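Worksheet: one structure, shown below.
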Amino acid sequence: MAFVRAMVLAYRQRGMDPAHALALAQIAPDQLRRPNARITATQMERISDAAMRELDDEGLGCFGRRLPWGSYGMLARASLSAPHLGLAVARWCRHHSLLTEDITVRLSEADGTATIAVEEARDLGDFRELALVSVLRNIHGLACWFVDSRIPLQSAQLPYPAPLHVDAYAVLFDGPTAFNTGPAAIRFDARYLSLPIRRDEAAMKQMLQRALPLTVRAYRRDRLLVQRVRQALASQPLDTHNATDLAALLNVSARTLHRQLKEEGATLQALKDEVRLQRASELLLRSNRPIKQVAEAAGFQNDKSFSRAFLAWTGQTPNAFRQQR
């Protein structure tokens, strides 16, 4: 609830009423006065989203100037073209200074350990905890998403005393957390920095429609569903025509399938199109199979539906595409 109280303070400093945001998150006003009150991850997502939109500030009042809606999306997009995670994170840190001069975020590497540290240029006051935790969770979640893998933390450190809700830090940071030591930082195995970026613009667009889970919730291994879906679609195209069959193949429910893909910034249809296009393109360019056989191998029930889809994807018919060989 300490994070919610900081958001409410941001509303009050701007002469605005937080009642609507609290109601959307189903947080009763009297809970704000309870020192040991807790909220769920879903409530945190809802109130953060509402506050960012109503305040038009993705910094949630933490910094001397607003970070207008879309600021962190801009940082993520600016890092997307990096060939590997190390450069992507370095870009994110460098570009964060364009948003605010109140803090400086830096990536460093030494003795096989990567450190992302947040140095404070001014007193953040009552927003200090929210600011430091949010920035570290933001870049850690985005880094995991970029490489489509959980990045376990070796440790975290914060420059303030352990708060009353210190037990929550076991959820916020999965490594041991030290307090009263600065600057605020997280550390992880530097080998992750060499991993290639595995996301594209389409995935970025999907993720930004619902980006807060990356900051609020730890990136779990059971979220890495996109690759499993890709593999199933590619290896068993005739058994994965619909979500129900695919979900059964992956031992999840259809509802869970769609929900987890959305959390990873993907949709089943987009993955189907991606896998089918890749398979069809390879067969058209590298084999002399008839179009009907290519359509079947790509998971289509007939060549007419395949030709329509291929034309929509590429602007060319399968035959025209093949003639480019």
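List of remarks:
- Annotation note: of L261, L311, L285, the sole residue that is of a type in the set (A, V, I, L, M), modelled with pLDDT under 90, surrounded by 15 or more Cβ atoms within 10 Å (Cβ to Cβ) and in a helix (DSSP H, G or I) is L261.
- Just one residue in the set R255, R228, R210, R217 is under 30 Å from I151 (Cα atoms) and loosely packed, with under 13 Cβ neighbours inside 10 Å; that residue is R255.
- Cβ separations smaller than 8 Å between residues 6+ apart or across chains give the following pairs from the stretch 74-97 residues that are outside the structural domain of L208 (by TED's automatic domain parsing) to residues that are aromatic (F, W, Y) and surrounded by fewer than 22 Cβ atoms within 10 Å (Cβ to Cβ): L85/Y192.
- Residue in the stretch 267-281 that is part of a loop (DSSP other than H, G, I, E, B), within 22 Å of the chain's Cα centre (by Cα) and under 27 Å from E201 (Cβ atoms) present: yes
- Selection status of A117, crowded, with 17+ Cβ neighbours inside 10 Å, touching a Pro at 6+ places or on another chain (Cβ under 8 Å) and free of Cβ contacts under 8 Å to residues at least 40 places away in the same chain: no
- Of all residues in the stretch 69-126 being of a type in the set (G, A, S) and part of a strand (DSSP E or B), the one that is farthest from the chain's Cα centre (by Cα): A110
- From the options R198, R230, residue that is in a loop (DSSP other than H, G, I, E, B), touching a residue at least 12 places away in the same chain (Cβ under 8 Å) and not assigned by TED's automatic domain parsing to the domain that holds S305: R198
- First in the stretch 294-323 and under 14 Å from L238 (Cβ atoms), second anywhere and of a type in the set (F, W, Y) and assigned to a loop (DSSP other than H, G, I, E, B), Cβ under 8 Å, 6 or more apart: F306/F300
- Selection of the stretch 150-181 for residues being touching a Lys or Arg at 6+ places or on another chain (Cβ under 8 Å) and among the hydroxyl-bearing types (S, T, Y) yields S155, Y160.
- Failed item, numbered, when I39 is tested on (1) outside the structural domain of L22 (by TED's automatic domain parsing); (2) under 28 Å from D148 (Cα atoms); (3) outside any helix (DSSP H, G or I): (1)
The values are calculated or read from the model by the stated rules, or taken from the named source; none is laboratory data. This structure is a prediction, so every number in the text was calculated from the model and none was measured. Neighbour counts run over all protein chains shown; Cβ positions are idealised from the backbone, glycine included.
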